[in-house]
Amino acid sequence: MKLFLDIDGVLLGVDPNRSSRAALAAHACEFLEFALRHCSVYWLTTHCRGRSAPALQHLVTHTPQSERERVLGLAAKIKATRFETFKTEALPQEHDDEPFVWLDDSPTGAELDWLRARGWLDRWLWVDTREEPDDLLRARAWLEERLALAANEGAEDQSA
């Protein structure tokens, strides 16, 4: 399964000591470890427009020094995407592509309409670690459910 990740509001929340400053979200490293073990993970953020380096720099800039090496090691495994206007331009365009899910805190109305028109709205999960600091725990549980469903569907297809 392909997993598309936003950074701000998903992997970066708010620094509890300075509410106006972004900080690595709680459980971000554990979430990334899980996701990278079970999915093909892609950036889907304005910080990555075909090159991962700006996304990595943005993420590491807001990561505590003690976690930077770990975060960089994980984030370096995430693949780049490219889009011009809407993030949905980087999502799979056909039904027969590998299943995907997308975690984002603020897709546009046009992006949600694009998903809705294809019957794919259930492939997006609203995640907002700025408002819900532990939201990556919920996102992981949701992703685990999606992976289990995809595995069951694959087993059914093979037995048919």
Item to check | the stretch 41-133: GluC sites (Glu not before Pro) in DSSP loop, at most 16 other beta carbons within 10 Å | outcome: Glu84, Glu94, Glu131
Checklist entry - Roughly what % of DSSP beta bridges within the chain run antiparallel, to the nearest 5? => result 25
Checklist entry - How much FRET efficiency would the formula 1/(1 + (r/R0)^6) give for Ala117 and Gln57, where r is the Cβ-Cβ distance and R0 is 41 Å, rounded to 0.05? => result 0.75
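Report the charge-dipole magnitude of the stretch 28-143 in Debye, nearest 20, computed about the Cα centre from +1 at each Lys and Arg Cβ and -1 at each Asp and Glu Cβ.
That gives a dipole near 420 debye.
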Next on the checklist: Given a Förster distance of 25 Å, report the FRET efficiency between Phe83 and Ala150 from their Cβ-Cβ distance, rounded to the nearest 0.05.
Outcome noted: 0.55
Checklist entry - In the Gaussian network model of the chain, springs joining C-alpha atoms below 10 Å, which of Leu32, Leu125, Leu59 carries the largest mean-square fluctuation? => result Leu125
Checklist outcome for this item: When the charge dipole of the stretch 1-159 is computed with +1 at the Cβ of Lys and Arg and -1 at the Cβ of Asp and Glu, the Cα pointing farthest to the positive end, of Leu147, Phe4, Pro99, is that of Phe4
Checklist outcome for this item: In a Gaussian network model of the chain with springs linking alpha carbons closer than 10 Å, the residue among Ser19, Ser106, Ser40 that fluctuates most is Ser19
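No lab work stands behind these numbers, since they all come straight from the coordinates. Remember, predicted model here, so these are calculated numbers, not experimental data. We place every Cβ from the backbone using ideal geometry, glycine too, and count neighbours over all the protein chains shown.
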